[in-house]
Amino acid sequence: MWPWVMPETQLYIVSCRKDELSLGTLVLFRRDNGFGLHRVVALLNEGVMTQGDAHACPDALVPFSDVVGRVRGVVLGRIVWKDAPEWLVLLTQRAAFLAAPRLRTSMRTLRAIVVRLRKRVFRPC
């Protein structure tokens, strides 16, 4: 979930029912090889479609039975910040939806520049 959730960030996760999920909610779900934490991009009768903020495409359908819970807050040192004001949650979700495509484009451009620089600097003799 980078850049909105940085590595080593501790999250406060609570179990939830499917009627408590909405677009933009961060959910923890089971995968074949462990767990995933992505944002809900579509609610369907069979489950939810999720997508990481830095990913270009949504994940496969996640059945409601595989959803472990939703992110309710962030642990900041000894403080657990939970139940953020609704306006702040909505603002953050909208910002993530709007910024993610631009961020992906910027990251691709940056990678291309790094590759070009490496070719120039590290030419084989």
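Bear in mind that the values in this text are calculations on the coordinates, not laboratory data. For clarity, every value in this text was computed on a predicted model and none was experimentally measured. Backbone-built Cβ (ideal geometry, glycine too); neighbour counts: all protein chains shown.
A few comments on the model shown:
- Order of His55, His38 - criterion: other Cβ atoms within 10 Å of each residue's Cβ, fewest first: His55, His38
- For Asn33, neighbours were defined as the other residues whose beta-carbon sits under 14 Å from its Cβ, and their charges (Lys and Arg +1, Asp and Glu -1) total -1.
- Using a Förster distance of 30 Å, the FRET efficiency for Gln10-Ala60 (Cβ separation, nearest 0.05): 0.65
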